[in-house]
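Have a look at the structure below, then the notes.
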Amino acid sequence: FITFNPVEGTEPMKEIKKPIDYFRPAQMEELREGCETLRDRAIIEVLRSTGARVGEVPPINRDDLDWKTGDIMILSEKSGKYRTLYVDEVARFHLKRYLDQRRDTNEAMFVWEKAPYNRLGKSGIRSAVKAIGAREGMDCRVYPHKLRKTLGMYLKNRGADIGDIQEIMGHANPTVTSRYYAQSTPETLRNVRKRTAA
């Protein structure tokens, strides 16, 4: 029998964290330029504004949005609990333009662009976002979840409290929020220096 732990002196493996993948402001403008239809623009702005997971968007109906406050109550895809998404004024503007020009009777917020105008699903949203990036010839990965991470980094870079970020992003575990958004980025540090400069 071995009377000691042979791996006791072994140093634990270091986890190398990749920088978080999010859209910079110029890349967001590229995405907007790549939008060909009102639906394209509405999808981009709603995902950017709410930070919703792609699976949380298809069940949303037109009447779920409070147009005065921008609030939408949804059932979280991960936690199975209800939470509120916030659609800002810019996103509401583009969403209203899209909804006003629709001639179908489907109650869904986003539908196919051609008959029979069924509710747009997760794969449809992914395809639409990917097509926008490809159309604009963007040299970075383009996918819906990246817009969610962009909102998280936007909040972080503007000094939002980690607890507020957790609530807005709908993370059940604060560890998840800390893993992605607690570390400072060069942009965060630049903003701190600007705010504290004499």
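Which one, Leu31, Val7, Ala108, projects farthest toward the positive side of the charge dipole computed for region 1-111 from Cβ point charges (K/R +1, D/E -1)? So the residue furthest toward the plus end is Ala108.
Could you size up the charge dipole of the chain around its Cα centre, putting +1 on the beta carbon of Lys and Arg and -1 on that of Asp and Glu, and report it in debye to the nearest 20? Can you show the working numbers first?
Details: 36 positive and 28 negative charges, 51 e Å.
About 240 debye.
Could you work out what % of the accessible surface of the chain is carbon and sulfur, using a 1.4 angstrom probe and leaving DNA, RNA and ligands out of the count? Of the solvent-accessible surface of the chain, carbon and sulfur hold 53 percent.
Along the axis of the charge dipole computed for the chain (Cβ charges of +1 for Lys and Arg, -1 for Asp and Glu, origin at the Cα centre), the listed residues Tyr82, Met153, Pro174 are led at the positive end by Met153. Label-to-label distance, Val90 versus Lys130, with points set 7 angstrom from Cα along the beta-carbon direction: 2.6 nm.
Using a 1.4 angstrom probe with every protein chain in place, what is the largest-first accessible-area order of Tyr98, Tyr86? Could you put the intermediate results ahead of the total?
Numbers: Tyr98 5, Tyr86 110 Å².
Putting Tyr98, Tyr86 in descending order of accessible area: Tyr86, Tyr98.
When exposed loop sites are taken as trypsin sites (Lys or Arg not before Pro) in a DSSP loop with at most 16 other Cβ atoms within 10 Å, the longest stretch of the chain clear of them is 18-67.
Under a 5 Å amide H cut-off, with hydrogens placed 1.01 Å from N, Asp71 pairs with Asp66, Val87 among residues at least 5 apart or on other chains.
The coefficient of translational diffusion for region 1-123, derived via Stokes-Einstein from the alpha carbon Kirkwood radius under 25 °C and 0.890 mPa s, stands at 142 µm²/s. Summing +1 for each Lys or Arg and -1 for each Asp or Glu among the other residues whose beta-carbon sits under 9 angstrom from that of Val54 gives +2.
Backbone phi angles across region 69-84, fed through the Karplus curve with coefficients 6.51, -1.76 and 1.60 (θ = phi - 60°), yield HN-Hα couplings of 9, x, 7, 9, 8, 10, 9, 4, 5, 8, 7, x, 10, 7, 8, 9 Hz in residue order; Gly and Pro are listed as x. Restricting the calculation to Cα atoms, region 91-180 yields a radius of gyration followed by a Dmax of 16.6, 45 Å.
Compute a Gaussian network model of the chain, connecting alpha carbons closer than 10 Å, and tell me which residue from Phe110, Phe93, Phe23 fluctuates the most. Per the Cα network of the chain with a 10 Å cutoff, Phe93 tops the list.
The values are calculated or read from the model by the stated rules, or taken from the named source; none is laboratory data. Quick caveat: nothing in here was measured; it's all calculated off a predicted structure. Quick reminder, even Gly has a Cβ in these numbers, built from the backbone with ideal geometry, and neighbours come from all protein chains shown. Surface accessibility is based on the protein's heavy atoms, side chains included, excluding ligands, DNA and RNA. Shrake-Rupley method; radii C 1.70, N 1.55, O 1.52, S 1.80 Å.
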